[in-house]
Amino acid sequence: MGYGARGLPGSGVSVVVRLTQTAGGILPAVTIEVEVIGLRPGALNGIPIHERGDCSNTNPVTGAAGNFLGAGGHHDPGPRSDTNPDNNHPFHMGDMPNVEVNELGVGYLRHTTSRVTLGPGPLSVFDGDDPMTAFDDTDSSIILHVDFDRGTTAVPGGAGGARMACGVIDRVTGWEEASPKSSASERK
């Protein structure tokens, strides 16, 4: 699974993310690899999974307008979920460590978690549409935030603040079959 995220117009920010699920243990594990270019050297940015696969600028629940608000809050499925990024934080299923940016302006994160899955089930980032909503709430997205995620609860802005880039998590086929000996140009 993977995606490329679009940054705000004129930002020069580009994000590539790859999610890979492996079996083993009690729960499957998902490894999330993130590469970001175009950020300030030394920056630290939050990059959680968000609840909806929608990078529009209007929140379909509240009608609020703003950068990538269509993605909703942090991915936190379940009967007692609270997707508000400033509540139940850092215990959302979609919460991840921050991306650290090196001196060349390249950020990289590799994180393995059992908080989300790529297959069916309650923790899936590919959740189905809820018929109780009047809008499409399928799938999930990843948001790159302007600031770092402080991992705090009930502190406004503690979850990374404003949204800088957004990408819908999509299934990508073909690269799974590529042998480790093949070159990147041979992979589809």
* Sort through Ser179, Ser185 and tell me the only one that's modelled with pLDDT under 80 and not in a loop (DSSP other than H, G, I, E, B). => Ser185
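Kindly indicate whether any position in the stretch 129-137 is buried (at least 17 other Cβ atoms within 10 Å of the Cβ), at pLDDT 85 or above and not aliphatic (A, V, I, L, M). Even if it seems obvious, please write down each step before you answer.
We begin by selecting, within the stretch 129-137, every residue buried (at least 17 other Cβ atoms within 10 Å of the Cβ); these are 137.
From what is left, the residues that are at pLDDT 85 or above are none.
No, that holds for no residue.
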* Just checking, how many residues over the stretch 89-111 are at pLDDT 90 or above and either among the polar types (S, T, N, Q) or surrounded by fewer than 20 Cβ atoms within 10 Å (Cβ to Cβ) (or both)? -> 12
* If you check Arg18 against the conditions, is it assigned to a loop (DSSP other than H, G, I, E, B), surrounded by fewer than 16 Cβ atoms within 10 Å (Cβ to Cβ) and among the basic types (Lys, Arg)? -> no
* Structure fact -> Restricting attention to the stretch 90-117, the residues that are closer than 20 Å to Thr22 by Cα and aromatic (Phe, Trp, Tyr) number exactly 0
* **Exclusive hit being closer than 26 Å to Val13 by Cα and modelled with pLDDT under 80, set Pro60, Pro79, Pro156** => Pro156
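One line per residue, one yes/no per condition, for (1) touching a His at 6+ places or on another chain (Cβ under 9 Å); (2) modelled with pLDDT under 90; (3) more than 15 Å from Asp137 (Cα to Cα):
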| residue | (1), (2), (3) |
| --- | --- |
| Gly24 | no, yes, yes |
| Ile37 | no, no, yes |
| Arg40 | no, no, yes |
| His50 | yes, no, no |
| Gly66 | no, no, yes |
| Asn87 | no, yes, yes |
| Thr113 | no, no, yes |
* Checking Asp147 against (1) part of a loop (DSSP other than H, G, I, E, B); (2) within 22 Å of Leu19 (Cβ to Cβ); (3) at pLDDT 90 or above; (4) among the charged types (D, E, K, R), which test does it fail? -> (2)
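The values are calculated or read from the model by the stated rules, or taken from the named source; none is laboratory data. This one's a predicted model, so the numbers in the text were calculated from it and none came from an experiment. Cβ coordinates were reconstructed from backbone atoms using ideal geometry, including for glycine residues, and neighbour counts include every protein chain displayed.
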